[in-house]
Amino acid sequence: MFDLLIAMFDVKSPSFGALLTFAIVLTWADVSVQQQANVFEEQPQNATVREGDSAILTCVLSRNVRNCAWQRDGANFEMGGRYNYAPGANDGRDTRNCSILISQFNRVLDGVAWQCVILGSSDTKTQTSNAAFLIPLVQPSDPTILLNRNSVSQLSYPLRVATVLSCVSRRGNPAAELSWELDGQPTRGVYSVHPVQNSQPQQGQQQQQQFGQVENPLYDAVLEFDLANEGVKLERTKQLKCVARHPSFRSPVSMAVFIVRDYPTKRVEIGRAHV
C-alpha cells in the first residue's frame with residue numbers, strides 16, 4: 001500500500017504526508033477491528049450442574065490480553081471465595097485463557113447469566129461474550145410402574161383388559177434414563193420424554209427475556225412395556241424391573257412388579273356312572 005503511494009505522489013509534497021498519515025490510521029483501524037471481531041476463540045456455553053458441585057465456564061481468546069473478567073447476571077464482581085479462575089487460566093503464562101471455576105454451586109446465587117469480559121484500554125473497546133447459564137440439575141422422582149394410571153407391584157397374567165405397563169419418573173432435568181429388565185435380563189420398551197408445562201420459574205423467565213436463554217423446563221420420562229406385543233411367556237412368576245439412571249442419583253434406582261401366571265380353574269362335574 002505504501003509503495004503505491006510513493007509511486008503516485010511526490011514524497012516531498014505536503015499532500016503526500018497527509019495522505020500517508022491517513023493510510024496509516026486506516027490500516028491501524030482495520031487491524032484493530034479484525035482483532036476485536038476475532039477476540040473470542042471459545043465462548044462460555046450453558047451447563048447443567050448439581051447443587052454443591054463445581055463447574056467451569058470456558059472462555060478462550062484468540063490473542064493474549066492484559067485484563068479479562070466476568071460478569072454475573074450483567075454485573076461486575078471480584079474474584080475470590082467460591083469464584084476463581086480455572087486452573088492454568090489467567091496466571092501470567094497463558095493470558096488467552098480466561099475460564100472461571102465456580103465452586104459449591106448454589107442454584108439461587110449461581111443459576112444466572114455469566115459473561116466473559118475483555119476489559120478495554122485507551123486503544124481498544126471492552127468486549128463481552130455471549131451469556132451462558134448454569135442450569136440446576138433437578139433430581140426426578142423415583143420410578144413408578146403404572147397400569148391404567150394406578151401403581152402396581154404385582155399383577156396376574158393374562159390381563160383382562162390392558163396389557164401395557166408404564167414406568168414413569170417425573171419432573172427431572174434432564175429427564176431420567178429408563179430401562180426394563182425381565183428376570184435380570186434387558187428387554188425392550190418404548191421410551192418418551194415429555195416437558196412439564198409451566199415449570200419455568202419466574203426469575204428464569206425474566207433472565208431469558210434479557211439474555212435470550214433457551215427455555216429449561218422439567219421433564220417426565222416414560223417407558224412402556226406391552227406384555228402382549230413382547231410375547232412374554234409365563235410358565236412361572238417373573239419379575240419386571242424398571243431401572244432409572246440420572247446424574248443426580250448416586251446409583252441407579254429401580255422399581256419392580258411381579259407378574260404371576262393366572263391358570264384358569266377347571267370345572268369338574270361329578271355324576272352317576274351309567275351301567
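Rule-based calculations on the coordinates, nothing more; no lab input. All figures in this text were calculated on a predicted structure; none of them were measured in a lab. Here the Cβ is made from the backbone with ideal geometry for all residues, glycine too, and neighbour counts use every protein chain on show.
A few notes on this one:
- For residue 130 and residue 103, the FRET efficiency from 1/(1 + (r/R0)^6), where r spans their Cβ atoms and R0 equals 25 Å, is about 0.60.
- At an R0 of 45 angstrom, the distance between the Cβ atoms of residue 76 and residue 192 translates into a FRET efficiency of 0.55.
- Diffusion coefficient (Stokes-Einstein, Kirkwood radius over C-alpha pairs, 20 °C, 1.002 mPa s) for region 43-119: 169 µm²/s, rounded to a whole number.
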